[in-house]
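Down below is the structure, laid out as structure tokens.
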Amino acid sequence: MEQYAIKGGTRLEGEVTIAGAKNAALGILAAAVMTDDEVVIENVPYVSDTRTLLKAIEGIGATVRYIDRHTVSICGKGIAHDDTLCVDDEYIRKIRASYYLIGALLGKYKYANVALPGGCDIGARPIDLHIKGFETLGANVEIIAGGKIVARAEELVGSHIYLDTVSVGATINIMLAAALADGKTTIENAAKEPHIVDVANFLNSMGANIKGAGTDVIRVRGVEKLHGAFYSIIPDQIEAGTFMAMAVATRGNILIKNVIPKHLEAISSKLIEMGAKVLEYDDEVRVMADGKLKATQIKTLPYPGFPTDMQAQMAAALALADGTSIVTESIFENRFRYVYELIRMGANIKVEGNSAIIKGVKRYTGAHLEASDLRAGAALVIAALAADGVSFIDDIKYIKRGYEDFDDKVRNLGGIMQLVTSDEEVKKFKEDYK
Ligand code: UD1
């Protein structure tokens, strides 16, 4: 049993350093196996999703070595590239980004056999666009018994691919396969998230020829081979945004270090509308709030719109704002499950279709809570830190997928948050913070 125990009501103040971007890391770690040379990647967040993907990469024969906690060396030379190549271990199905190994292995070996991805349960999350992309490049893609995807091609040939829906995963996956295809691939209606640019920059540092990442048309000129590289991953936009929302919900004052302020603009502008102060520096932002918070409207959209991965954390802060806020989710259909937990803490929120109508309340009250997915879990941590009294959060395995040392970082900011693993620890926490 692992839970976060939180005693709320403290203004969070101080400094926090943001880790490397989880979603960029997942694409980059998968891409690293596309060369037989050694690749060294810095600023890899030490979270369960990246460790799981590295285990899977090791499982297919690559050499993986942690140089330090955030620097990983990968060498894809030892990967079996015949019919025995199969990515399927008990962990890989739990992370959605396992699908990046399809694009990476298909590009390199023209063959991939990967267990169907899992990940957070936040909606249907199909992978039809990934498959359409691989097929357009000339692969034959089948879903076989046991829930595996097998993609195979005599040769991959560059092509023109239009994505019907803007998809981060499909954009990255097609870019991976196309990097080693014959000729030129154009991906239209591509996603523009910062981690797409990071994966493209990484592939280019390995010798790929990718232009336009960060716009909605990406052009990939296939190369014959990729080579070793040394690369540092960008900071995590969503971890930074989570601490920004935490500063506001607890009426705190936090300097958030190692960020790219440009990536945070959609979040900053909503926090400013709520009455917070956001000061931007070169690679830091300071977020301050005191007194009353104001209600606002948020609609999630692909980048540069408001990120769906910040929807729950913002709602946790908005539930304490004066007036009525409306939060509309337009990317995933099942992303309001945390609302029922916030209601148990005293929030006044009604979900209607894909919108949450939030009438601000004065305070939350601590409760026993359950994290339903990664970002929902982060939202509950924020609410618990702002609440009167003690909260316990179950199912923190979801939170650990994407937040490195979350409880340490919160404690450094003066928050009272502990990882508890036994009934005795729970009892002691309750006694200490009655
Ligand atoms: C990625 C992120 C996730 C984030 C999401 C949106 C990773 C590992 N995960 O997820 O944290 O919440 O982007 O920013 O980077 N869709 C299809 N067919 C497809 C693929 C997607 O219809 O083949 C739809 C999805 O159901 C969803 C929308 O497209 O409605 C966007 O999904 P997508 O951008 O692909 O999300 P992920 O890559 O899964």
The chain - percent relative contact order, Cα under 8 Å, separation 6 or more: 20
Gaussian network model of the chain, springs between alpha carbon atoms under 10 Å - residue of 397, 108, 192 with greatest fluctuation: 397
Exposure of residue 335 as accessible area (Å², to 10), given a probe of 1.4 Å and all protein chains: 20
C-alpha long axis of helix 100-109 to longest principal axis of the chain, angle in °: 10
In Hz, Karplus ³J(HN,Hα) per residue of segment 262-274 (6.51, -1.76, 1.60; θ = phi - 60°; x = Gly, Pro): 4, 6, 9, 4, 4, 6, 4, 5, 5, 5, 5, 4, 7
Separation in nanometres of the label points that stand 7 Å from Cα toward Cβ, at residue 394 and residue 81: 4.8
Global form of the chain, assessed from the alpha-carbon gyration tensor, a/c cut-off 1.5: prolate
Stokes-Einstein translational diffusion, segment 292-434 - Kirkwood Rh over all Cα pairs, 1.567 mPa s, 4 °C, in µm²/s: 83
Alpha-carbon Rg/Rh ratio, for segment 22-232, with Rh computed the Kirkwood way: 0.92
Charge-dipole axis of the chain as Lys and Arg at +1 and Asp and Glu at -1 on Cβ define it, positive-most pick from 101, 200, 66: 200
Residue-level accessible surface for residue 116, protein heavy atoms, 1.4 Å, Å²: 60
Computed accessible area, residue 398, all protein chains, 1.4 angstrom probe, square angstrom: 60
Estimated inter-spin distance, residue 428 and residue 211, nm [label 7 Å along Cα→Cβ]: 6.2
Hits among aspartates and glutamates - C-alpha to C-alpha of residue 262 under 19 Å, sequence gap 8 or more where chains match: 193, 198, 216, 236, 239, 273, 280, 282, 283, 284, 309
Dipole moment magnitude, nearest 20 debye, segment 22-232 about Cα centre, only Lys, Arg, Asp, Glu C-beta charged: 300
Distance from segment 75-109 to segment 266-344 (C-alpha centre basis), Å: 36
Dipole magnitude of the chain, debye to nearest 20 (Cβ charges: Lys/Arg +1, Asp/Glu -1, about Cα centre): 1000
Segment 377-404 and segment 212-259: distance between their alpha carbon centers, rounded to Å: 23
Sorted peptide list for 219-225, 253-259, criterion being average Cβ within 10 angstrom, highest first: 253-259, 219-225
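The values are calculated or read from the model by the stated rules, or taken from the named source; none is laboratory data. Only a predicted model underlies this, so the values are computations on that prediction, with no experimental measurement involved. Glycine also receives a Cβ, built like all others from the backbone with ideal geometry; neighbour counts cover every protein chain displayed. Heads up: the accessible areas ignore ligands, DNA and RNA and are worked out on the full protein's heavy atoms, side chains in. Shrake-Rupley method; radii C 1.70, N 1.55, O 1.52, S 1.80 Å.
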